[in-house]
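Taking it in order: structure first as structure tokens, then the write-up.
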Amino acid sequence: MAHDHHDHDPHDHPDHAGHDHAGHFAHDHAHGAGHDHTHGADKTRVLIAALLTGGFMIAEAVGGVLTGSLALLADAGHMLTDSVSLVLAWYAFSLAGRKATGRLTYGFDRVKTLVAYSNGLTIFGIGLWIVVEAAHRFADPQPVAGAPMLAIAGVGLAVNIAAFLVLHGGDRENLNMRGALLHVAGDLLGSVAALAAALVIILTGWYPIDPILSALVAVILFRSAWSLVRDAGHVLLEGVPARLDRDAVARDIEASVPHVVEVHHMHVWSLDGTRNMATLHACLSDGANATTAITAIKQRLATRHGIGHATVEAEYGVCADGEAAHQH
């Protein structure tokens, strides 16, 4: 049986005979340059958003206490958590830039996914607190100072719009960026709700609008948080990326790569929602050159399916794992 024993990245062993040097290096350097540029820009965006959010959070919290507005307090609480979450997201980007180690051989990219998952759970907690407090406030409405509330909410809306625009230009497929954007979007909705509640209170004096709109924001946050937790959890469980069909990829290799009779034991997953990886067994026809076939399979996975790192084991007739005999 011939197989690719370790199949490290071409950067690990540049003299490995099983790699197409020109194609792999050109692809990897081009991808690496673009990845580093995007990574650095996203890191800066998250830091700017953290400073904007954290800077206004204190003013909004004080304003919520002075005006008696739950909508302002809810948004301030959200902004406090968001400031911490955005700083953690920035730190996750910093960690992701570190090189892999002997213990963490894939590096630190998945820290971003873990932070995104934690952010989603945090948003659930904030939303639950808002709902409980809104229920108490609705049962026993408290007077709210509408005019100061309107002014604070207006400034908060401007700050959150600025932070949202900063993050909106980042990598939307990166789960860490999605988590950061979701937090700021929640803040923006909170500011809109506080602004609307202030206007209603000024015009009508109807105080229950404050907890009602706060609860509405919480419901919207629940929906968005579930999407983030679901997607990040899928990555952490090493599920197949949403845009890929594992069986279709295997059939494509069988149909497109010469001398590949069958592909089995195939696993496809993503490190962070953007970097896709795969392992597979390729049963080859008698007389086929294993190195040539492995190189062709890797090139097909990279160029056709966006799977940049693959471990391929070549077989002739019988599966090396011994779980099932694949006779050809």
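A single entry from G120, G156, G77, G146 fulfils the requirement of being in contact (Cβ under 8 Å) with a residue 12 or more places away in the chain and within 21 Å of D231 (Cα to Cα): G120. Among the residues of region 301-310, not one is open to solvent by 50 Å² or more (accessible area, probe 1.4 Å) and closer than 16 Å to L284 by Cβ. Taking the criterion of being part of a helix (DSSP H, G or I) and surrounded by 15 or more Cβ atoms within 10 Å (Cβ to Cβ), the residues of region 237-253 that qualify are R246, V249, A250, D252, I253. Does A218 satisfy being without any contact (Cβ under 8 Å) to a residue 12 or more places away in the chain, over 17 Å from the mean Cα position of the chain (by Cα) and not in a loop (DSSP other than H, G, I, E, B)? For A218, the condition - without any contact (Cβ under 8 Å) to a residue 12 or more places away in the chain, over 17 Å from the mean Cα position of the chain (by Cα) and not in a loop (DSSP other than H, G, I, E, B) - is not met.
When A163, A151, A145 are screened for being buried (at least 24 other Cβ atoms within 10 Å of the Cβ) and either at pLDDT 85 or above or touching a Gly at 6+ places or on another chain (Cβ under 6 Å) (or both), only A163 passes. Scanning region 74-93 for residues that are buried (at least 23 other Cβ atoms within 10 Å of the Cβ), of a type in the set (A, V, I, L, M) and under 19 Å from L157 (Cβ atoms) yields A74, A76, M79, L86. Among all positions in region 171-193, there is no residue which is at pLDDT 90 or above, part of a helix (DSSP H, G or I) and open to solvent by 40 Å² or more (accessible area, probe 1.4 Å). Only one of the numbered conditions (1) at pLDDT below 80; (2) assigned to a helix (DSSP H, G or I); (3) open to solvent by less than 60 Å² (accessible area, probe 1.4 Å) is violated by A33, and that is (3).
What are the residues in region 94-137 that are in a loop (DSSP other than H, G, I, E, B), open to solvent by 40 Å² or more (accessible area, probe 1.4 Å) and either modelled with pLDDT of 85 or more or out of contact with any strand residue (DSSP E or B) (no Cβ under 9 Å at 6 or more places or on another chain) (or both), if any? Selection gives G97, R98, K99, A100, T101, G102, R103, L104, T105. On inspection, H259 qualifies as surrounded by 14 or more Cβ atoms within 10 Å (Cβ to Cβ) and in contact with a helix residue (DSSP H, G or I) (Cβ under 8 Å, 6 or more places away or on another chain).
Only one entry of T291, T295, T303, T274 meets the criterion of being part of a loop (DSSP other than H, G, I, E, B), out of contact with any Ser or Thr (no Cβ under 6 Å at 6 or more places or on another chain) and β-branched (V, I, T), and that entry is T274. Just one residue in the set S227, S285 is over 30 Å from F124 (Cβ atoms) and either touching a residue at least 60 places away in the same chain (Cβ under 8 Å) or surrounded by fewer than 21 Cβ atoms within 10 Å (Cβ to Cβ) (or both); that residue is S285.
The values are calculated or read from the model by the stated rules, or taken from the named source; none is laboratory data. Computed from a prediction, not measured in an experiment: that's the story for all the values here. Heads up, the Cβs are rebuilt from the backbone with ideal geometry, glycines too, and the neighbour counts pull from every protein chain shown. Just so you know, the surface numbers come from the protein's heavy atoms only, side chains and all, with ligands and any DNA or RNA stripped out. Shrake-Rupley method; radii C 1.70, N 1.55, O 1.52, S 1.80 Å.
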